[in-house]
Amino acid sequence: MDRRRFLKVLGATSGGAAALSACGIGPEPTEHLVPYVVPPEEQVPGTATYYATTCRECAAGCGLHAKVREGRVIKLEGNPESPINEGRLCSRGQAALQGLYNPDRVTEPMARGPNGEWQTLSWDDAVGRLAGKVKEARGRGIVFLTGLETGSFGELVDTWVKEVGGRHVTQEAFAFEALREGNRRAFGTAAIPLYDFARARYIVSFGADFMETWLSPVGYQNGFTHAHSFDGDRDTSMAKFVFVGPRLSLTGMSADEWIAPEPGSEALLALAMAQVILAGRLAPAPADAARLERLLPTPQHVAPSVGIAATEIERLAREFAASQGGLAVGGGVATQYGDGAALLVAAVNILNYVAGQVGKTVRFGPNQSIADAGTFRQLIDLVADMAAGKVDLLLVHGVNPGHTLPAAFSQALGKVGYKVSFSSYWDETAAASDLVLPDLHPLEQWGDARPRVGIHALQQPVMQPVFPNTMHTGDVLLRVSGKAGTFKDYLLDRWKELHQRVAKGREFADFWTDALQHGGVYAEGPTQAVRLDPGIAQLLGDVGGPAWGGAGEALVIVFPSLALHDGRGANKPWLQELPDPVSKITWHAWVEVHPETAAKWQLANGDILLLKSPHGAVRAPAWITPGIRPDVLAVPTGQGHKAYGRYARDRSFNAFELLSGAAADFGGRAFAVRVSVVKTGDHRRLATVEGDAREQGRGIIEVLSLAQARELKPGAHPFEEREAPAYTEEALKAWAEAQHQKASLGDYAGTAPRWGMAIDLSKCTGCSACVTACYAENNLATVGEELVVRRRQMSWMRIERYYTGGADGRRVGAVVNPMLCQQCGNAPCEPVCPVYAAYHTPDGLNGQVYNRCVGTRYCANNCPYKVRYFNWHNFAEPGGEWESWPDPLNMLLNPDVTVREKGVMEKCTFCVQRIRGAQNRARLEDRSVRDGDITPACAQACPSEAIVFGDLHDKSSLVARLAADPRGYHVHTELNTKPAITYLARVVHGAAGGA
Amino acid sequence: MIGGSTPSHQAEIKKVREAWASKQPPQWIRIHALPGFVRFPHMRHIKVLGTESCATCHGDVRAMPQVHQVATLKMGWCINCHVQRQVDRDCTLCHY
């Protein structure tokens, strides 16, 4: 009896056939159609409209294209015209949608009643109340606390605050004070320059996580890939990247070499490298650098403190200088240990300076506006004023210090006369206020930003407000101060001034429409020359070795979470369920422990440690990883909210609680602290999606050394392997043909397209932007922590991370591999499906027909790549236990993609809706689909441009060319599955690290 | 269809006028509905069959006193037409 017959019999005898009729086949229940009375212009049902706007999820200011269907924004993509992100977008940016449609938004103005209960009130009442409080508090301390606002809204707040005699404090949890102070001490300017990664030939990062949260991660990752990817056609191809830091972060995983010196000694390493370059006259250093030569420490001198051999330091310095395009960056949160962190940046500056790179890869002039953010010291000063009762009225917009500075801020808040929050969510700060005036979401409002000199990015409402009873804070301020007009008028006035400055002679209306269409006005700021500060000699005297004595057994580093940032991402289920690119853990925080330390303490993954610092204590499950120094522990930020909605609340621990509330000598915060560690004896299962930390030689990843990669001739296939013996050749061929003949549809000879993909591992960094893009495009359910623990997550696209090296004195590194349905030409999933739900399409896809699927799960069992995902629950059931899109989150569902039901198998379709859409468009225009017409969501988002999609049968297509690249290989090629995805081997400088 | 001079036609016209005056859209009952897992691109069918081809699936709505469904809109009915016209009938043409 074959399987199909087996199922038939089963159905007839046990009533199991009901499963087939319960699939929802047949007409839907009676529906009502409600048309527009006046249909809006630009809106065609079934056709998407795109609006250009600006991302406000972090201070980088990336350009966005918002895809709007039937008046609802359903997807965010990068704006290709924006010089900040060049059409790419990270996970956080894409998840802005879940902030907009968040089910826990504040929907109307609320005030605290006499007994502390929340009452709704009208906007007139709310504005009147605020105006009254402003009048009362005049002269008794009015403070407006906002995030970094570089555009018109910031100007409006400044003006308003001046009028009422208060002050405006801006705050960013990661404000890069060390970077600014280091630049001031080295060059006399606290500006943050533009780092030109694309032009660099040798990159050294001293703890700067420039692919995660450092300044402008999407743009920098894009630039980095241009420099660091392997392209056989270019002789000069592939810059080398060295990562220096105590922990192998996502940025570090792309490095050719990871160096972990004694924490706090990174500055000495940079200075010694500069000394080698200067003493050996290895680079054309500016004349004023010569006097540094005597002052800089030699490698021999620093080697004992740094913990790295002098010869190694010399080698790094020589390579850096010889590349003639060195770029050293520093000032990341992961090396902001405390006092002295600015010296590391100063030392990095000196290294760039003596290598003659300042003005080339480091360009002052097109400065980044994050340097205008208030420092941590200013926030501490404010908290002190609040605690001393000097603040009578506090207004908070766009920040949540109740989470990032938990104890001190919350206590001080109690001493403030009246607290007003403009938050769109019930975050910790809003929950402790007296009046909440919910702002519009950035996607619903007018605004602008100036992320760096020369770039004026515009922000426009891309849809009507989800909750009509929310109001733009700019409008509230204008009403409170009794001014006529809306914030949009105010913005227009600012842009008229800009028009006078940059586009005189053009009609303003044209200028404005143009700016709206393109997302802003873009110009490149002129480069300014900088000289070493004369006081630099004195500074060098301050640089000491690591000073991490003090009480406590271990040094804990608090590092910024890629997905949750400072905690602002925690209320978005896409970001909660996005596996951290390094640890692969979802929905909760962890503490990273080196295997040696874990052995010493007898720890297993998931054992809960109590970490106690002088400032606070947290309970954290251990995650054991080779990617950290044995004497260091590390915890991510972002979790542990006390409020902030259903997805964020009471989840894991808040790492900020460990940190000191005092500012360090450079005005910023110390992100490291000594702790005592107690093993609690408690244990939890980590909600991880990691299978195996090592690849174990299974042919999933391939790594070549640069020398090997350069020697590859076109047409070579170094990874081709054949495990099946030659005599089985005929049988395999016959089997494949029989498979194809069985499917009555389709043309396998080559006239139909064969959709394929090429993924370049020398470009992929593992940042996981593709994962979130897939969730957004394909209506993937977020399943929650409990189901992830049971490995029932639905992410069609996952990034597998495998550690390399570690044994035989080889450096620890990591290689990532995006794993999605391989759309096999000879697919193991298809023949086992008893109902032909899994079948082969004529254009080479492994089709999955949801309405035919009966959920036997045979296909998933037979898939060697484990890329099929089963709906164990009804994730779309309104009010259901496992509901993934509670109202209004369901508004972001893509109408082009079926929402799957319980009992149905699903998997990557190569974004078949985009393929069919492009085919429809081409047919309407009487042409065939051209290469580049179709871009799946993952390829579209990828900041590294690692994913290329197209027709493998079209020999002129880019993907066909890449598929024939000698670096190409297929995962599990020995299984004869004939995947449509070709991976291009990663290339590293030095020896290829074995798995 | 809204138009004509009989009392019932006039009553329908009145509904539309009132909707315009009150700015409250009239509610229509949906007759032609496909399940959520089916995609039907109108433009491609009109491109091939011509702009007068609505009646192929919807019937001659102009002549109907009240709109009713003339075709089952079930998959077998779709496939029949695709077979007759010898066009693609791959599953992922409509189901994704």
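The values are calculated or read from the model by the stated rules, or taken from the named source; none is laboratory data. Just so it is clear, the structure is predicted and the values come from calculations on it, not from any experiment. Reconstructed Cβ throughout: ideal geometry from the backbone, glycine too, with neighbour counts over all protein chains shown. Ligands, DNA and RNA are excluded from the accessible area calculation, which covers all protein heavy atoms including side chains. Shrake-Rupley method; radii C 1.70, N 1.55, O 1.52, S 1.80 Å.
Restricting segment A:425-464 to residues that are of a type in the set (Ser, Thr, Tyr) and not in a helix (DSSP H, G or I) leaves a set whose member that is farthest from A:PHE409 (Cα to Cα) is A:TYR425. Residues in segment A:905-960 that are within 13 Å of another protein chain (Cβ to nearest Cβ) and of a type in the set (Val, Ile, Thr): A:THR909, A:VAL912, A:ILE915.
Yes or no, residue by residue, for (1) in a helix (DSSP H, G or I); (2) in contact (Cβ under 8 Å) with a residue 12 or more places away in the chain; (3) touching a helix residue (DSSP H, G or I) at 6+ places or on another chain (Cβ under 9 Å):
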residue: B:LYS14; (1), (2), (3): yes, no, no
residue: B:GLN24; (1), (2), (3): no, no, yes
residue: B:ARG39; (1), (2), (3): no, yes, yes
residue: B:THR51; (1), (2), (3): no, no, no
residue: B:ARG62; (1), (2), (3): yes, yes, yes
residue: B:ASN80; (1), (2), (3): yes, no, no
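Looking only at residues of segment A:876-887 that are buried (at least 16 other Cβ atoms within 10 Å of the Cβ) and under 30 Å from B:HIS42 (Cα atoms), we find that the one that is farthest from the chain's Cα centre (by Cα) is A:ALA876. Residues in segment A:599-606 include none that are surrounded by 20 or more Cβ atoms within 10 Å (Cβ to Cβ), in contact with a Gly (Cβ under 6 Å, 6 or more places away or on another chain) and not assigned by TED's automatic domain parsing to the domain that holds A:ARG792.
Residue-wise test of (1) away from chain B (no Cβ under 14 Å); (2) in contact (Cβ under 8 Å) with a residue 60 or more places away in the chain; (3) among the aliphatic types (A, V, I, L, M).
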| residue | (1), (2), (3) |
| --- | --- |
| A:GLN823 | no, yes, no |
| A:CYS833 | no, no, no |
| A:HIS840 | no, yes, no |
| A:ARG857 | yes, no, no |
| A:ASN861 | yes, no, no |
| A:TRP872 | yes, yes, no |
| A:GLY879 | yes, no, no |
| A:ASP887 | yes, yes, no |
| A:ASN894 | no, yes, no |
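Which residue is farthest from A:ALA814 (Cα to Cα), if the candidates are limited to segment A:690-702 and must be open to solvent by less than 30 Å² (accessible area, probe 1.4 Å) and at pLDDT 90 or above? Of everything passing the filter in segment A:690-702, A:ILE700 is farthest from A:ALA814 (Cα to Cα). A:GLU319 fulfils the conditions (1) without any contact (Cβ under 8 Å) to a residue 60 or more places away in the chain; (2) open to solvent by 20 Å² or more (accessible area, probe 1.4 Å) except for a single criterion, (1). When residues in segment A:498-532 are screened for being open to solvent by 90 Å² or more (accessible area, probe 1.4 Å) and without any contact (Cβ under 8 Å) to a residue 24 or more places away in the chain, 5 of them pass. Right, A:THR189: open to solvent by 20 Å² or more (accessible area, probe 1.4 Å), of a type in the set (Ser, Thr, Tyr) and at negative phi or not? Yes. If you check A:ALA807 against the conditions, is it closer than 30 Å to A:ASP256 by Cα, hydrophobic (A, V, I, L, M, F, W, C) and part of a loop (DSSP other than H, G, I, E, B)? Considered against the rule, which asks whether it is closer than 30 Å to A:ASP256 by Cα, hydrophobic (A, V, I, L, M, F, W, C) and part of a loop (DSSP other than H, G, I, E, B), A:ALA807 comes out as yes. Scanning segment B:57-86 for residues that are within 14 Å of chain A (Cβ to nearest Cβ), more than 10 Å from the chain's Cα centre (by Cα) and at pLDDT below 90 returns no hits. Within segment A:720-767, the residues that satisfy the criterion of being open to solvent by 40 Å² or more (accessible area, probe 1.4 Å), at pLDDT 70 or above and of a type in the set (A, V, I, L, M, F, W, C) are A:ALA726, A:ALA731, A:LEU732, A:ALA734, A:TRP735, A:ALA738. Among the conditions (1) open to solvent by less than 90 Å² (accessible area, probe 1.4 Å); (2) within 9 Å of chain A (Cβ to nearest Cβ), the only one that B:SER8 does not satisfy is (2). From the set of residues in segment A:78-110 that are among the basic types (Lys, Arg) and more than 18 Å from A:PHE422 (Cβ to Cβ), which is most open to solvent (accessible area, probe 1.4 Å)? Going through the qualifying residues, I end up with A:ARG88. Of the set (1) in contact with a helix residue (DSSP H, G or I) (Cβ under 8 Å, 6 or more places away or on another chain); (2) away from every other protein chain (no Cβ under 14 Å); (3) of a type in the set (A, V, I, L, M), all apply to A:VAL37 but (2). For segment A:408-424, a residue qualifies if it is without any contact (Cβ under 8 Å) to a residue 60 or more places away in the chain, hydrophobic (A, V, I, L, M, F, W, C) and not in a helix (DSSP H, G or I), and the qualifying residues are A:VAL416, A:PHE422. Only a single item in (1) surrounded by fewer than 24 Cβ atoms within 10 Å (Cβ to Cβ); (2) in contact with a Gly (Cβ under 9 Å, 6 or more places away or on another chain); (3) in a loop (DSSP other than H, G, I, E, B) is not met by A:ALA255, and it is number (1). Of the residues making up segment B:21-46, just one is farther than 24 Å from A:ASP896 by Cα, at the interface with chain A (Cβ under 7 Å from one of its Cβ atoms), open to solvent by 60 Å² or more (accessible area, probe 1.4 Å) and of a type outside the set (Lys, Arg), namely B:GLN27. So is A:THR898 touching a residue at least 12 places away in the same chain (Cβ under 8 Å), within 30 Å of B:ILE46 (Cα to Cα), hydroxyl-bearing (Ser, Thr, Tyr) and surrounded by fewer than 19 Cβ atoms within 10 Å (Cβ to Cβ) or not? Taking the combined requirement at face value, the residue does not satisfy it.
For segment A:111-151, filtered to residues that are assigned to a helix (DSSP H, G or I) and farther than 19 Å from A:HIS472 by Cα, the residue that is least open to solvent (accessible area, probe 1.4 Å) is A:ALA137. A:VAL244 passes every criterion in (1) at pLDDT below 95; (2) buried (at least 22 other Cβ atoms within 10 Å of the Cβ); (3) within 27 Å of the chain's Cα centre (by Cα) apart from (1).
Results for (1) of a type in the set (Val, Ile, Thr); (2) within 27 Å of A:SER410 (Cα to Cα), shown as yes or no for each residue.
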| site | (1), (2) |
| --- | --- |
| A:GLU553 | no, no |
| A:VAL556 | yes, yes |
| A:ALA570 | no, yes |
| A:ASP580 | no, no |
| A:ALA620 | no, yes |
| A:ASP631 | no, no |
| A:ALA648 | no, yes |
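Got at least one residue in segment A:442-456 being open to solvent by less than 40 Å² (accessible area, probe 1.4 Å), in contact with a His (Cβ under 8 Å, 6 or more places away or on another chain) and not hydrophobic (A, V, I, L, M, F, W, C)? Within segment A:442-456 (the criterion being open to solvent by less than 40 Å² (accessible area, probe 1.4 Å), in contact with a His (Cβ under 8 Å, 6 or more places away or on another chain) and not hydrophobic (A, V, I, L, M, F, W, C)), the answer is yes, since at least one residue qualifies. Picking from B:CYS54, B:CYS94, which residue would you name as being closer than 30 Å to A:ASN894 by Cα, away from every other protein chain (no Cβ under 12 Å) and open to solvent by less than 100 Å² (accessible area, probe 1.4 Å)? It is B:CYS54. State yes or no: is A:MET797 at pLDDT 95 or above, farther than 30 Å from A:LEU250 by Cβ and crowded, with 19+ Cβ neighbours inside 10 Å? Judged against the criteria, A:MET797 is not a match.
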